[in-house]
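Accompanying notes for the structure given below.
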Amino acid sequence: MSAQPVNRFLDADGQVRQWPTKHTDKELVLEYLATKFEVGKSYSEREVNDVLKAWHTFQDWPLLRRELYDRGYLNRNPDGSNYHRVNRSD
């Protein structure tokens, strides 16, 4: 992934500073955030929230967690107890 297009949504520390309105821009941001999770590692919901809190500034980690799950970047157990990063090939 080229970081350049996503840079317009990041601050100087690499944190996402705004949630884009365009679908394609949302995908760029989600792809960027997905890189903050290790493949093969299991995360509790709290750990997912902590990672997301560290990488954005607009204080809506539930939105980001849902979007990462809904768009196939993260998967979770049916009860929501554990999440893991999905290796996407698209």
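FYI, it's all coordinate maths here, none of it is from the lab. These figures come from a predicted structure and were not determined experimentally. As a convention, Cβ positions derive from the backbone with ideal geometry for all residues, glycine included, and neighbour counts pool all protein chains shown.
Rounded to the nearest Hz, the phi-derived 3J(HN,Hα) couplings of the stretch 27-41 under the Karplus curve 6.51 cos²θ - 1.76 cosθ + 1.60 (θ = phi - 60°) are 4, 4, 5, 5, 4, 4, 5, 4, 5, 7, 10, 7, 5, x, 9, where x marks glycine and proline.
With a simple spin-label model that places each label point 7 Å from the Cα along the Cα-to-Cβ direction, the separation between S42 and Y69 comes to 1.7 nm.
Projected label points at D13 and N77, each 7 Å from Cα along the beta carbon direction, are separated by 3.2 nanometres.
With the convex hull drawn around the C-alpha atoms of the chain, the volume per residue stands at 95 Å³. The modelled label-to-label distance for the pair K26/D60, using points 7 Å beyond Cα in the direction of Cβ, is 1.0 nm.
Here the 3J(HN,Hα) profile of the stretch 19-24, calculated from phi with Karplus coefficients 6.51, -1.76 and 1.60 at θ = phi - 60°, is 8, x, 8, 7, 4, 5 Hz, Gly and Pro shown as x.
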